[in-house]
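See structure below.
The values are calculated or read from the model by the stated rules, or taken from the named source; none is laboratory data. Source: prediction; values computed, not measured. Every residue, glycine among them, receives a Cβ derived from its backbone with ideal geometry; neighbour counts consider all protein chains shown. For the accessible areas, the whole protein counts, side chains as well, though only heavy atoms, and no ligand, DNA or RNA atoms are used. Shrake-Rupley method; radii C 1.70, N 1.55, O 1.52, S 1.80 Å.
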Amino acid sequence: QVQLVESGGGLVQPGGSLRLSCAASGFTFSSFAMTWYRQAPGKERDLVATVSNTGDGTYADSVKGRFTISRDNAKNTVYLQMNSLKLEDTAAYYCHVRLGVIRYWGQGTQVTVSS
């Protein structure tokens, strides 16, 4: 079965950095785009960044220039490098893949930016 397992979240000060990882299994990872979403308390889940199966990244305007999405197809893992973190980046971050009409989500990893 499809599994997405996120890791790397934590507490960081404004201006700091974190790298999130998402280990995927149960499907042909190298064939599919992967996406990071985030959801802050009381808000909708928003798209953060997508990496194509060939490694091209696209970003929400709010994170452009600060976050970098990448993938390692040999390790079935997608990453989100987050730099220059802001208070408003505080959220639960979710890994996502769409296989046909079915969307799969990880369990999420919490990122808290606080001084």
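Carbon-plus-sulfur fraction of the accessible area of the chain, 1.4 Å probe, in percent? Provide the component values of the computation, followed by the final result.
Values: 2840 of 6020 Å².
So the carbon and sulfur contribution to the accessible surface is 47 percent.
In this structure the chain gives 52 Å² per residue of accessible area when probed at 1.4 Å with all protein chains present. Taking the Cα centre of region 10-77 as reference, the dipole from Cβ charges on Lys and Arg (+1) and Asp and Glu (-1) amounts to some 160 debye. Could you tell me the relative contact order of the chain? Use alpha-carbon pairs under 8 Å, at least six residues apart, and round to a whole percent. Normalised by residue count, the contact order of the chain is 36 percent.
Working ranking of peptides 71-81, 45-55, 10-20 by packing, defined as the average number of other Cβ atoms within 10 Å per residue, highest first, is 71-81, 45-55, 10-20. Projecting label points 7 angstrom from Cα along Cα→Cβ for GLN81 and VAL2 puts them 2.8 nm apart. Listed by chain and number, the lysines whose C-alpha is less than 26 Å from the C-alpha of LYS75, apart from same-chain residues fewer than 8 away, are LYS64.
Say a paramagnetic label sat at a point 7 Å from the Cα of THR54, along Cα to Cβ; which residues of region 66-110 have their backbone N under 19 Å from it? Residues 69-74 qualify, since their backbone N sits under 19 Å from the label point.
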